[in-house]
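Note sheet for the following structure.
The values are calculated or read from the model by the stated rules, or taken from the named source; none is laboratory data. On a predicted model such as this, the values are computed, not experimentally measured, just so you know. Here the Cβ positions follow ideal geometry from the backbone for every residue, glycine too, while neighbour counts run over all protein chains shown. These accessible areas exclude ligands, DNA and RNA; they are computed on the full protein's heavy atoms, side chains included. Shrake-Rupley method; radii C 1.70, N 1.55, O 1.52, S 1.80 Å.
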Amino acid sequence: MDPKEKERLLQADRRYVWHPFTQMKDYAERDPILIEKAEGVYLFDADGNRYYDTNSSWWVNVHGHAHPRIREAIEKQLRQADHVMFAGLTHRPGIELAERLVQVTPQGLDKVFYSDNGSTSVEVALKMSFQYWQQSGRAGKTKFAFVENSYHGDTIGAVSVGSVDQYFSVFRPLLFAAFGVPSPDPRNDPNGDAETSAAAALEAVRALFAASADQIAAIIVEPMLQAAGGMIMYAASYLQGLRQLCSEYDVHLIADEVAVGFGRTGRMFGCNHAGISPDFMCLSKGLTAGVLPLSVTMTTAAVFDAFYDDYAKLKTFTHGHSFTGNPLSAAAALESLQILEDERVLEHVEEVSAHLSERVLRFQAFQGVAHLRTLGMVAAFDLYKDAALGARYALEDRMGFHIYLEGLNEGLFLRPLGDTIYYWLPLCTTKAQIDDIVERTFRVLRRVLPSAGE
Ligand SMILES: *Cc1c(COP(=O)(O)O)cnc(C)c1O
């Protein structure tokens with residue numbers, strides 16, 4: 001890009017744009033990176049520099065950028081019908097995608113409700129569950145339970161069932177009260193044992209349900225991986241226990257698969273690791289291969305039937321968004337599911353994820369690296385000032401941020417979560433690319449962390 005044009009754009013960005021989750025003052029003396037092109041696992045900036053998109057463009061990208069089949073599917077649909085409302089009208093991609101999703105998701109999820117982002121898919125699940133109990137003679141079930149360190153989105157309802165306090169405490173007065181239960185985070189166990197942590201966390205759920213299940217409509221959980229809460233990976237037995245407790249105490253189980261859905265953890269869905277079916281499943285991010293906004297809330301015939309009645313009975317689910325079921329997004333999603341099958345993507349993931357978990361062991365050479373963990377295409381570790389003493393860096397140290405800046409010089413877009421450094425790789429990433437990413441990260445750590453060996 002012409003340097004003058006680049007300058008003009010960055011000035012206009014500074015003047016007019018307010019970026020998400022961004023302290024804009026961070027850009028007073030530093031420009032955001034102006035991306036001109038995205039292709040495969042790479043992003044290219046206005047100066048032609050190449051970066052590995054190690055967080056898949058905020059966890060959404062599945063098959064790499066600019067996949068020709070996704071582009072063609074969108075172009076084809078664009079020539080057919082761009083957007084049509086989804087109440088009173090329907091269309092082929094909306095219908096066929098619903099049919100396909102029912103086939104690929106765990107058994108029992110037979111109904112598909114569309115919206116347009118992950119937060120709204122969560123809002124829909126909460127509202128459906130709430131209204132279900134109102135219409136099923138259990139009007140006292142009005143509250144929700146959530147797992148600590150969860151993130152379910154940024155709308156008021158989604159924030160109410162989330163708990164990333166540092167970010168959200170300012171909104172506390174606006175939120176509805178909900179029951180928090182401890183995370184099955186293996187780091188909660190002195191020996192770091194995942195099964196022990198899961199069992200302890202389940203005991204807390206049982207205690208809550210035993211005391212209050214008659215007030216609780218649903219519990220919401222991020223299957224296998226609490227992503228925004230710090231890439232916390234936990235045992236599948238927790239999900240199995242949760243499913244049992246929900247059935248035993250008549251509480252809906254909402255699986256928020258917005259982040260983990262579509263192969264990121266090595267299985268198609270997080271729930272597949274545990275072989276369970278939830279009562280609601282929320283999907284977004286990777287649904288359209290990460291190319292267009294779309295989300296779904298899937299649920300069971302039992303839930304659907306509680307809303308199915310004569311109009312005058314007022315049991316309708318009165319919720320919907322302007323872009324509900326957008327045909328372009330649905331066409332992209334359908335094609336993405338077909339690519340997952342045709343290109344045997346999950347087999348590829350199985351192979352390269354084993355390679356990834358082996359390669360990242362190199363980072364153990366650094367004294368400040370702790371709790372190295374991997375699941376599918378996700379790898380993470382925590383930065384400690386002194387791992388042996390359990391001493392973390394101060395907020396002002398912004399260690400994660402320094403690593404991010406240094407990563408840019410190494411051609412890595414490596415966005416941290418506080419002091420948790422992670423990869424969230426596109427499913428198409430190759431072994432050679434993983435080797436290169438790990439090598440570059442190693443060089444970054446060697447420059448930023450106080451002491452290193454190898
Ligand atoms: C990102 C995310 C959401 C929110 O999705 P948006 O599309 O950003 O609204 C909800 N739940 C989980 C688990 C997420 O990671």
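If only residues of segment 119-144 that are in contact with a strand residue (DSSP E or B) (Cβ under 9 Å, 6 or more places away or on another chain) and not in a helix (DSSP H, G or I) are counted, the one that is farthest from the ligand (Cβ to nearest atom) is Arg138. If a residue has to be touching a helix residue (DSSP H, G or I) at 6+ places or on another chain (Cβ under 7 Å) and assigned to a loop (DSSP other than H, G, I, E, B) to count, how many in segment 34-60 make the cut? Residues meeting the conditions: 5. In segment 96-154, which residues are within 17 Å of Phe262 (Cα to Cα) and among the small types (Gly, Ala, Ser)? Listed by number, the residues that qualify are Ala98, Gly118, Ser121.
Within 15 Å of the ligand (Cβ to nearest atom), buried (at least 23 other Cβ atoms within 10 Å of the Cβ), in the same structural domain as Phe179 (by the TED database) and part of a loop (DSSP other than H, G, I, E, B), is that true of Tyr114? It is false that Tyr114 is within 15 Å of the ligand (Cβ to nearest atom), buried (at least 23 other Cβ atoms within 10 Å of the Cβ), in the same structural domain as Phe179 (by the TED database) and part of a loop (DSSP other than H, G, I, E, B).
Taking the criterion of being within 16 Å of the ligand (Cβ to nearest atom), open to solvent by less than 70 Å² (accessible area, probe 1.4 Å) and assigned to a helix (DSSP H, G or I), the residues of segment 147-186 that qualify are Gly157, Ala158, Val159, Ser160, Phe168.
Pairs are defined by a Cβ separation below 6 Å, a sequence spacing of at least 6 or placement on different chains, a first member in segment 218-231 that is farther than 20 Å from Gly266 by Cβ and away from the ligand (no atom under 11 Å from the Cβ), and a second member that is part of a loop (DSSP other than H, G, I, E, B) and of a type outside the set (S, T, N, Q); the pairs so defined are Ile219/Val251. Does at least one position in segment 375-386 carry a residue that is open to solvent by 50 Å² or more (accessible area, probe 1.4 Å) and at positive phi? There is no residue in segment 375-386 that is open to solvent by 50 Å² or more (accessible area, probe 1.4 Å) and at positive phi. Here is the figure for segment 298-349: residues that are part of a helix (DSSP H, G or I) and not aromatic (Phe, Trp, Tyr) total 27. Could you say whether any residue in segment 235-256 is within 20 Å of Ala380 (Cα to Cα), among the aliphatic types (A, V, I, L, M) and either in contact (Cβ under 8 Å) with a residue 24 or more places away in the chain or away from the ligand (no atom under 13 Å from the Cβ) (or both)? Checking segment 235-256: at least one residue is within 20 Å of Ala380 (Cα to Cα), among the aliphatic types (A, V, I, L, M) and either in contact (Cβ under 8 Å) with a residue 24 or more places away in the chain or away from the ligand (no atom under 13 Å from the Cβ) (or both). Is it the case that some residue within segment 59-73 is of a type in the set (Lys, Arg), closer than 24 Å to Gly266 by Cα and open to solvent by 30 Å² or more (accessible area, probe 1.4 Å)? Yes, there is a match, as at least one residue in segment 59-73 is of a type in the set (Lys, Arg), closer than 24 Å to Gly266 by Cα and open to solvent by 30 Å² or more (accessible area, probe 1.4 Å). Hey, any hits in segment 61-80 for a residue that's within 16 Å of the ligand (Cβ to nearest atom), in contact (Cβ under 8 Å) with a residue 40 or more places away in the chain, under 23 Å from Met1 (Cβ atoms) and outside any loop (DSSP other than H, G, I, E, B)? There is no residue in segment 61-80 that is within 16 Å of the ligand (Cβ to nearest atom), in contact (Cβ under 8 Å) with a residue 40 or more places away in the chain, under 23 Å from Met1 (Cβ atoms) and outside any loop (DSSP other than H, G, I, E, B). So, in segment 74-111, of the ones that are of a type in the set (Gly, Ala, Ser) and within 27 Å of Cys271 (Cα to Cα), which residue ends up surrounded by the fewest Cβ atoms within 10 Å (Cβ to Cβ)? That would be Gly108. Asp435 fulfils the conditions (1) part of a loop (DSSP other than H, G, I, E, B); (2) touching a residue at least 40 places away in the same chain (Cβ under 8 Å) except for a single criterion, (1). Of all the listed residues (Glu335, Glu396), the sole one being surrounded by fewer than 21 Cβ atoms within 10 Å (Cβ to Cβ) and either more than 30 Å from Phe130 (Cβ to Cβ) or over 23 Å from the mean Cα position of the chain (by Cα) (or both) is Glu396. Look at segment 439-451: where a residue is under 15 Å from Gln367 (Cα atoms) and a partner is small (Gly, Ala, Ser) and in a helix (DSSP H, G or I), sitting 6+ places away or on another chain with Cβ atoms under 7 Å, you get Val444/Gly407. Do the conditions hold for Phe209, that is, is it of a type outside the set (D, E, K, R), touching a Cys at 6+ places or on another chain (Cβ under 9 Å) and surrounded by 14 or more Cβ atoms within 10 Å (Cβ to Cβ)? Taking the combined requirement at face value, the residue satisfies it. Residues Ala332, Ala274, Ala302: which one is within 16 Å of the ligand (Cβ to nearest atom) and out of contact with any strand residue (DSSP E or B) (no Cβ under 8 Å at 6 or more places or on another chain)? Among Ala332, Ala274, Ala302, only Ala332 is within 16 Å of the ligand (Cβ to nearest atom) and out of contact with any strand residue (DSSP E or B) (no Cβ under 8 Å at 6 or more places or on another chain). Residues that are closer than 16 Å to Gly407 by Cα and within 22 Å of the chain's Cα centre (by Cα) within segment 18-50 comprise Val41, Tyr42, Leu43, listed in sequence order. Checking the condition in contact (Cβ under 8 Å) with a residue 12 or more places away in the chain, within 16 Å of the ligand (Cβ to nearest atom) and surrounded by fewer than 23 Cβ atoms within 10 Å (Cβ to Cβ), which residue from Phe323, Phe307, Phe280, Phe262 passes? When all the criteria are applied, what remains is Phe323.
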